[in-house]
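So the structure is just underneath, and the comments pick up after that.
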Amino acid sequence: MQSRSQVPPIMSNCDLCVIRNHAICAALDAKELEALNAIGRTRSIVPGESLIWEGEDSVLVANVIEGVLKLSTNTEDGREQIVGVVYPSDFIGRPFGGTTGHGVTALTEAKVCVFSRRDFDAFAREHPALEHKLLERTLGELDRTRRWMLLLGRKSASERLASFLLEMAERLEGQGCAVDFDKPNQRRLTLPFSRQQIADVLGLTIETVSRQFTRLKQDGVIDLPSRRDVTILDFAALTAEAG
């Protein structure tokens with residue numbers, strides 16, 4: 001049985017990586033990438049499989065190559081609260097020690113580039129450009145967190161759902177979100193969330209989420225071919241709806 005900290009077989013060459021120019025490793029030259037490649041491994045994850053567990057020692061960090069994963073924590077009464085979502089090119093884990101404040105679990109089929117946290121820490125200390133990129137990512141994540149606080153604290157239910165769909169369309173483009181070039185104002189996406197998970201993320205009830213989906217469909221802003229599929233019929237109208 002594989003332990004939680006075990007790292008699977010060697011990753012493919014960094015030069016072939018589909019997120020190469022968007023991930024933190026974009027700051028490295030060819031020689032540095034070769035050294036990073038030597039300590040990294042790829043791992044495929046199925047929906048519902050966890051990569052990192054809340055409250056455990058930080059032993060792994062990873063770049064997301066494909067798929068969508070959730071960051072979640074458990075409340076005192078045992079309920080799960082989704083506190084974030086990560087997409088291709090995002091970095092997950094806690095470098096430089098400590099315990100993890102949330103679990104990381106796949107929502108879709110996913111592939112990640114995994115590093116032992118100790119090996120990655122040592123590599124980052126020797127490569128200032130990578131540390132700088134990590135700082136940029138951290139500040140970017142802080143900005144997203146502040147925007148999310150605004151969304152949860154000030155926006156109405158309709159604005160929350162519209163903002164959520166816009167973020168999905170932006171982050172999933174090419175990864176479950178299609179653009180019809182004959183209709184550039186439209187997007188087609190498959191959500192990696194159930195309605196209940198969307199409600200949890202947005203701090204709403206599932207009934208409220210369902211009502212807002214129905215209203216947006218009746219207003220001609222979106223279409224709902226299935227429970228997980230959404231077609232944004234009027235991107236400008238959805239942007240206006242998000243406030």
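Quick look at the values:
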read-out	value
Selection within region 210-228 - at pLDDT 90 or above and either surrounded by fewer than 18 Cβ atoms within 10 Å (Cβ to Cβ) or within 22 Å of T75 (Cα to Cα) (or both)	S210, R211, T214, R215, K217, Q218, D219, G220, D223, L224, P225
Top-ranked residue of region 91-122 - restricted to ones that are within 18 Å of L191 (Cα to Cα) and not in a strand (DSSP E or B), ranked as farthest from the chain's Cα centre (by Cα)	E109
Matching residues, region 201-243, being basic (K, R) and part of a loop (DSSP other than H, G, I, E, B)	R227, R228
Counted residues, region 96-120 - those being modelled with pLDDT under 90 and more than 30 Å from G78 (Cβ to Cβ)	2
First in region 113-141 and in the same structural domain as S44 (by TED's automatic domain parsing) and of a type in the set (D, E), second anywhere and surrounded by fewer than 18 Cβ atoms within 10 Å (Cβ to Cβ) and assigned to a helix (DSSP H, G or I), Cβ under 6 Å, 6 or more apart	D119/I39
Hits in region 52-67 (condition: buried (at least 21 other Cβ atoms within 10 Å of the Cβ) and under 11 Å from V104 (Cβ atoms))	I52, L60, V61, A62, V64
Residue match in region 156-163 (condition: part of a helix (DSSP H, G or I) and in contact with a strand residue (DSSP E or B) (Cβ under 8 Å, 6 or more places away or on another chain))	no
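Yes/no matrix, rows are residues, columns are (1) surrounded by fewer than 21 Cβ atoms within 10 Å (Cβ to Cβ); (2) in contact with a strand residue (DSSP E or B) (Cβ under 6 Å, 6 or more places away or on another chain); (3) at negative phi:
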site: I92; (1), (2), (3): yes, yes, yes
site: G98; (1), (2), (3): yes, no, no
site: S116; (1), (2), (3): yes, no, yes
site: R125; (1), (2), (3): yes, no, yes
site: P128; (1), (2), (3): yes, no, yes
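The values are calculated or read from the model by the stated rules, or taken from the named source; none is laboratory data. Fair warning: this is a prediction, and the values are worked out from it, not measured in the lab. When we count neighbours, we look across all protein chains shown, and the Cβ atoms used for this are built from the backbone with ideal geometry, even at glycine.
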